[in-house]
Amino acid sequence: MNGGIEVIAGMLFFPLACVWLVPGFLIIGLYHFWKGESDMKEPATIILLVISIAVSQAMKFMFLPTIMTYVPFSAWLDIPTGWHSAMIVIVPGLTTVIGLLFAWFMHKRTESGLAFFFWFTAIDAILTLAIYGVNFLGVF
């Protein structure tokens, strides 16, 4: 019960995620509005999308440096010591992969690179805050 409430509380910090999402949105968004579209069939869109995702991930790690040290779920569960290093690496990678898979699924509805980036960042940010938002609870 305590873990579930902390997950919800962590996700409520979503407005803070805008800090790490803005640079990536500016890159792909300005291209989208400059070209009038951001068709995923164009190589330039794919390149800028990869750059936008890389920038948003780098900003996420700068904004939440505890991702590199906090053992996910350790606030709620007793994680064996031997799993700590693996959890620190696997869980952030998994949130990114889930975000990419969801965005790819939603991409079938529209070819827009801006929409792909929106779906990726929305899912990645919500999952990240659900897991790592507990670190904010001690700060605020």
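The values are calculated or read from the model by the stated rules, or taken from the named source; none is laboratory data. Keep in mind that what you see is a predicted model, and the values were worked out from it rather than measured. Counting neighbours? That spans all protein chains shown, and the Cβs are built from the backbone with ideal geometry, glycine included.
Collect the residues in the stretch 64-108 that are more than 30 Å from M40 (Cβ to Cβ), assigned to a helix (DSSP H, G or I) and of a type in the set (A, V, I, L, M), keeping them in residue-number order.
Selection gives M68, A86, M87, I88.
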>> Name the single residue that is nearest to F118 (Cα to Cα) among those in the stretch 1-59 being at pLDDT 80 or above and among the aromatic types (F, W, Y).
In response: F25
> If we keep just the residues of the stretch 109-124 that are assigned to a helix (DSSP H, G or I) and surrounded by fewer than 23 Cβ atoms within 10 Å (Cβ to Cβ), which is modelled with the lowest pLDDT?
Replying inline: L114
> Right, A44: under 17 Å from A130 (Cα atoms), touching a residue at least 12 places away in the same chain (Cβ under 8 Å) and among the small types (G, A, S) or not?
Replying inline: no
